[in-house]
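Enquirer: Take a look at this one; I'll ask things after.
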Amino acid sequence: MAIFEIASFGAIVVLVVLGLGIIASMMGIFNFAQGEFVLLGAYVTYIVHTAGLPVWLGMVAAPFVVGALGFVLERLIVRRFYAAPIVAMLGTYALGLIIREIVRGLIGGLYLSVPEPVGGSVAIGGMHFSTWRLVIIVITALVMAGSYLLLARTAFGLRIRASLENPALARASGISTNAIYGATFAFGAALAGLAGALIVPVFTLFADLGIRFLIQGFVAVMVGGIGSFAGPVAGAGLIGTLSAALPWVISPVIADVAVFVLAIIFIKFRPQGLVAGKGV
Amino acid sequence: MTETTPLSTVSLTRGISASRQWRVLPMIEIAVLVIGLLLPLVLQDYLTVYATRVLILCLFALSFDLVWGYAGIMSFGQAVFFGSAGYGVALLARDLGITSILLVLPAGLLIGFAFALLLGGFLLLGRHPASVIFVALGTLTGSYACDRLARGWYYLGGQNGIPSIPPMTIGSYELTEGPVYYYMAIGFLIVVYLLCRFLMRSQFGLALAGLRENEQRIAFFGYKVQHLKAIIFSLSGAIAGLAGSLYAFHEGFVWPNMLGVVISTQVVLYVLFGGSGTLIGAVIGTVVIEAVSFWLSNSYQDIWPIILGVLLLLVILFRPAGLISLLLSERERVGSFGRPGKR
């Protein structure tokens, strides 16, 4: 039972971190608004739910809505930041602040719950597992595999990697790096939106939903190693598992802090992360 | 003899023209100082209390400006030093009954310094030079962790923090909020400001500015880059600690938010908005943001944070040097260190 809890929480963290990791690795940008993309995904799901439509419809819509918004923001704002990573950090932080406060204004200071689209539990070997958490694990695995295939096996993925490795050469070869960056950012945002939509039944919807995941996400990306696909995923798996497993052993507050502190110490002595090197 | 005369006149005239171009910054500083000194005479009492809080936050903003504006270290955890000093003096007052200004303020200063030395030493020193992202993330995590620990620690009052701290005392006189506290805060602000100003115009400040512009070159000049960073980080922690202890006694209570991510990022906003890399920019940014937020908070409480975010984004996009750059030329803002004509 504990193992299932841990696995499902690990899956959630992987899902949240995937978009962050792709943007950080492929574009070299630390997107501080990523947590707010997660929040937006959750909010879209909530809106669709309150409109009387089925929840799963909101979950399907969320990645597209958030991805589209990510694309627009990239075109208008984020693309000005590529030259300076620190300014990018602050700029996306400001963006995140705007999104967060708008959502806070819309929902008030409330904690809103969204029901699971698939309720109940599945009995396997005499133990009951929450169906929705199982669905999250399965979808995470699918999304992970899909993203990997997209980046590693398709022509589009090849272009993304080319734009990362050597932008000048990529442009000279007729790849529009501008469009690629826009698409990559939108893709990362869409993944965050999906994550938000899927986790909102487990957590409730509140304005500061994103902040917690933001710190967790960055720590995971750094632990895993920037520049590769496998790095952030591995980091997220590790951080997610630890965050879920430690509270079973020590008090939750200490566990929460201990994971982050351990992670920072790890990064200090191995700055390149778990998976060194670039590529997919 | 005949050769030296024209040379000296050249350097003389250059010195004069440079000093003529150099007048805007001191003028702004003096204007701000005069306004600050006269303010309690015209403000109502409750506004003086609010203004005192803003002054203390200015002091806090200065501490962030030193690390980010001058040395280029992105510290997202400035509240750790602010809050830990606040908690420290609150505990001194609550458990030991120590409220004398001669003891609590140095204690706050030391606590801030010690925490900054520990965190900064860990993050900045070592075999691998720390990347900017790592420092930003490490400080942010530190702030989050302290907030969580304070919330969960019964001795520190948990969620509620430590309420009703007795007032700070000088001898038997109790310093309560109001004009007296205001003038004390502005006194500390002026002293710290002048110290920072002196420090930033010294060789040390020059090396820090070089660090911000091109770290590698400063390293090649033979400076111990990491040591410089750790020193300025600890100093800024001490200033934040002073601000935190003043804040704790002014408000009369401390609570976990004082350590957390919200305050840490708020101080970043102040400095970026006003103009990092100039000391007066940090002060102006704090005053403007706090004044506007006070003014708007009654009627537009909900949309004020959104406006703040939009303004910040606009500043970052179009005025990276902050509000101060509207008044100050680039040359004067960056400044030429040392004597004019000897660049």
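The values are calculated or read from the model by the stated rules, or taken from the named source; none is laboratory data. Fair warning: this is a prediction, and the values are worked out from it, not measured in the lab. With ideal geometry, Cβ positions are generated from the backbone for all residues, glycine too; neighbour counts draw on all protein chains shown.
Enquirer: What is the number of the single condition among (1) at pLDDT 85 or above; (2) away from chain B (no Cβ under 14 Å); (3) under 30 Å from residue A:155 (Cα atoms) that residue A:223 does not meet?
Expert: All conditions pass for residue A:223, except number (2).
Enquirer: Here's something else I'd like to know. Quick check: is even one residue across the range B:166-182 assigned to a helix (DSSP H, G or I), within 13 Å of another protein chain (Cβ to nearest Cβ), at pLDDT 80 or above and on the phi < 0 side of the Ramachandran plot?
Expert: No, there is no match, as no residue in the range B:166-182 is assigned to a helix (DSSP H, G or I), within 13 Å of another protein chain (Cβ to nearest Cβ), at pLDDT 80 or above and on the phi < 0 side of the Ramachandran plot.
Conditions (1) assigned to a loop (DSSP other than H, G, I, E, B); (2) at positive phi; (3) free of Cβ contacts under 8 Å to residues at least 12 places away in the same chain; (4) within 14 Å of chain B (Cβ to nearest Cβ), marked per residue:
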position	(1), (2), (3), (4)
A:100	no, no, no, yes
A:104	no, no, no, yes
A:135	no, no, no, no
A:143	no, no, no, no
A:149	no, no, yes, no
A:161	no, no, no, no
A:185	no, no, no, no
A:189	no, no, no, no
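Enquirer: While we're here: Name the pairs: first residue in the range B:253-270 and part of a helix (DSSP H, G or I), second residue crowded, with 21+ Cβ neighbours inside 10 Å and among the charged types (D, E, K, R), Cβ to Cβ under 7 Å, at least 6 apart or on different chains?
Expert: Partner pairs satisfying both residue conditions: B:256/B:147; B:259/B:147; B:261/B:147.
Enquirer: Go through the range B:284-312 and report how many residues are more than 9 Å from every other protein chain (Cβ to nearest Cβ) and crowded, with 19+ Cβ neighbours inside 10 Å.
Expert: 6
Enquirer: Checking the structure you have, find out if any residue of the range A:242-255 is within 14 Å of residue A:6 (Cβ to Cβ), at pLDDT 85 or above and within 12 Å of another protein chain (Cβ to nearest Cβ).
Expert: The answer is no, given that none of the residues of the range A:242-255 is within 14 Å of residue A:6 (Cβ to Cβ), at pLDDT 85 or above and within 12 Å of another protein chain (Cβ to nearest Cβ).
Enquirer: Right, next: Considering only residues that are within 20 Å of the chain's Cα centre (by Cα) and of a type outside the set (A, V, I, L, M, F, W, C), which ones fall in the range B:121-140?
Expert: Scanning the range B:121-140 gives B:121, B:138, B:139.
Enquirer: Let me ask you something else. Inside the range B:126-161, can you point out the residues that are modelled with pLDDT of 85 or more and of a type in the set (Val, Ile, Thr)?
Expert: Of everything in the range B:126-161, those that are modelled with pLDDT of 85 or more and of a type in the set (Val, Ile, Thr) turn out to be B:135, B:139, B:141.
Enquirer: Quick one: residue B:93 ticks every box in (1) over 24 Å from the mean Cα position of the chain (by Cα); (2) modelled with pLDDT of 85 or more; (3) within 14 Å of another protein chain (Cβ to nearest Cβ) except a single one, so which number is it?
Expert: Of everything listed in (1) over 24 Å from the mean Cα position of the chain (by Cα); (2) modelled with pLDDT of 85 or more; (3) within 14 Å of another protein chain (Cβ to nearest Cβ), residue B:93 misses just condition (3).
Enquirer: Conditions: (1) of a type in the set (Val, Ile, Thr); (2) farther than 29 Å from residue B:230 by Cβ; (3) out of contact with any Phe, Trp or Tyr (no Cβ under 9 Å at 6 or more places or on another chain). Residue B:190 meets all but one. Number of the miss?
Expert: The number of the failed condition is (2).
Enquirer: Go through (1) at negative phi; (2) in a loop (DSSP other than H, G, I, E, B) for residue B:273 and report which single condition fails.
Expert: In the conditions (1) at negative phi; (2) in a loop (DSSP other than H, G, I, E, B), residue B:273 misses (2) alone.
Enquirer: Would you point out the residue of the range B:96-109, among those that are over 18 Å from the mean Cα position of the chain (by Cα) and in a helix (DSSP H, G or I), that is surrounded by the fewest Cβ atoms within 10 Å (Cβ to Cβ)?
Expert: B:96
Enquirer: Another question, if that's okay. Based on this model, can you work out whether residue B:315 counts as at the interface with chain A (Cβ under 9 Å from one of its Cβ atoms), in contact (Cβ under 8 Å) with a residue 24 or more places away in the chain and under 23 Å from residue B:31 (Cβ atoms)?
Expert: yes
Here is a yes/no grid of residues against (1) surrounded by fewer than 18 Cβ atoms within 10 Å (Cβ to Cβ); (2) in a helix (DSSP H, G or I); (3) away from chain B (no Cβ under 14 Å); (4) not β-branched (Val, Ile, Thr):
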| residue | (1), (2), (3), (4) |
| --- | --- |
| A:22 | no, yes, yes, no |
| A:25 | no, yes, no, yes |
| A:32 | no, no, no, yes |
| A:41 | no, yes, yes, yes |
| A:60 | yes, yes, yes, no |
| A:66 | no, yes, yes, no |
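Enquirer: Among the residues of the range B:110-150 satisfying the criterion of being among the polar types (S, T, N, Q) and part of a helix (DSSP H, G or I), which is nearest to the other protein chains (Cβ to nearest Cβ)?
Expert: B:141
Enquirer: Give me a count of the residues in the range B:155-165 that are at positive phi and either surrounded by fewer than 17 Cβ atoms within 10 Å (Cβ to Cβ) or polar (S, T, N, Q) (or both).
Expert: Total satisfying the criteria: 2.
Enquirer: Give the number of residues within the range A:136-164 that are more than 17 Å from residue A:232 (Cβ to Cβ) and surrounded by 12 or more Cβ atoms within 10 Å (Cβ to Cβ).
Expert: The total comes to 8.
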